[in-house]
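The values are calculated or read from the model by the stated rules, or taken from the named source; none is laboratory data. Predicted model, so just to flag it, every value in this text is computed and none were measured. Here the Cβ positions follow ideal geometry from the backbone for every residue, glycine too, while neighbour counts run over all protein chains shown. For the accessible areas, the whole protein counts, side chains as well, though only heavy atoms, and no ligand, DNA or RNA atoms are used. Shrake-Rupley method; radii C 1.70, N 1.55, O 1.52, S 1.80 Å.
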Amino acid sequence: MKKTAKTEGNVFSIVNKIEETHKKDLGLKVPSDYFSKSKADILSKLPSEEKKKGIKRMYFIVPIAAAITILFTLTFLKPNLLPSFNNEIVLDTIEKIKNNNLVEADMLTLTDDISIASLFVEDDKIDAFVDKHIVEDIIYDELNSN
Amino acid sequence: MTSETNFIKELISDKHREKAFNKLLDMYQERLYWHIRKLVITHENANDVLQNTFIRVFKSLPKFQQKSSLHTWMYRIAYNESIRFIESNKKKQHNSLDTLNEGYVNTLISDEHFDGDEAQLKLQKTLSKLPEKQRYIFQMKYYDDLKFREMVDILGMKEGTIKTAYYNAVKYIEKDILNIELLEISEG
């Protein structure tokens, strides 16, 4: 069992010696032309740059497409879900608060725009109101729409 | 800047990557194949692991920090891929280490790409008796001609431990082959 392969020197001549040693000492062989076929196989399986770029582009395209879809849906199909910034409602609400004509809890039921009114009410009261009214409204709408 | 650093730059640049990777395959494909083949035994397994190794190398090159040489880094990837393959096969076959060692020679003989004569089979049988890690160390040093320093990076073991394991393996192989020959003489 004599060692023949050396690391010093040309890489390509080492490769031949390594193969020779493996065949001679260990009886291992490879199919003819294996390495050139394997090289082609490996190169064909490498992830291509175009695919990578495609994936990178998808990172931007998907959220943009989703945002456009949501805006389209809310604008044309469910316009009532969009918060309406009606100046009259805002001014009316502020005026009522100034005059102390409104207690906080009533604000949510009396005003038409919950998203604006909720700015003046504490969180726990909003939660209670949502539990009591909004959920019921959603269920009612769902039932009527079917 | 060293030629290896330049080569690595080419490997990760969009413009030169294909040509550089072709060169990398020319340089390392056969060496890594033989390194893997001794670990996973059969040609078919070695082919699978070799492909996985180069795909992993390709994906990991941009993250390669050059803390070791490209040569050592690629051997480490090949070694890790081989061990991962062996471990997953062990789980599939529910093999214990002992039965796997017994299976080493059987797997080798059943491989159509093993063409060993009596002497080669004798050496393989002796190698199969070594504890796995010791066998890997012996093969890396003796057949892949790796330096002990390189094996530290590949195996994540101390140089002293690797040297001891290697010299113990050499002693064991010499003794075992001598015993077999003496037995043959006494029987013959």
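Hey, could you check the stretch B:126-183 for residues that are away from chain A (no Cβ under 13 Å) and of a type in the set (Lys, Arg) and say which is least open to solvent (accessible area, probe 1.4 Å)? The residue in question is B:LYS163. The single condition among (1) at pLDDT 65 or above; (2) more than 8 Å from chain B (Cβ to nearest Cβ) that A:ASN10 does not meet is (1).
Within the stretch A:23-45, being facing chain B (nearest Cβ under 7 Å), closer than 10 Å to B:ASP115 by Cβ and open to solvent by 30 Å² or more (accessible area, probe 1.4 Å) holds for one residue alone: A:LYS29.
The criterion of at least 3 residues that are at the interface with another protein chain (Cβ under 9 Å from one of its Cβ atoms) and within 22 Å of A:PRO31 (Cα to Cα) is met by the following helices (runs of 4 or more DSSP H) wholly inside the stretch B:1-97: B:17-40, B:43-60. Selection of the stretch B:98-120 for residues being touching a residue at least 60 places away in the same chain (Cβ under 8 Å), open to solvent by less than 20 Å² (accessible area, probe 1.4 Å) and part of a helix (DSSP H, G or I) yields B:TYR104, B:LEU108.
For B:GLU159, work out the one condition from (1) at pLDDT 90 or above; (2) under 17 Å from B:HIS35 (Cα atoms) it doesn't fulfil. Here B:GLU159 clears every test but (2).
Can we say B:THR42 is among the polar types (S, T, N, Q) and either buried (at least 21 other Cβ atoms within 10 Å of the Cβ) or at pLDDT 95 or above (or both)? Spelling it out, it is not the case that B:THR42 is among the polar types (S, T, N, Q) and either buried (at least 21 other Cβ atoms within 10 Å of the Cβ) or at pLDDT 95 or above (or both).
The numbered conditions (1) within 24 Å of A:GLU19 (Cα to Cα); (2) in the same structural domain as B:HIS35 (by TED's automatic domain parsing) are all true for B:LYS91 except (1).
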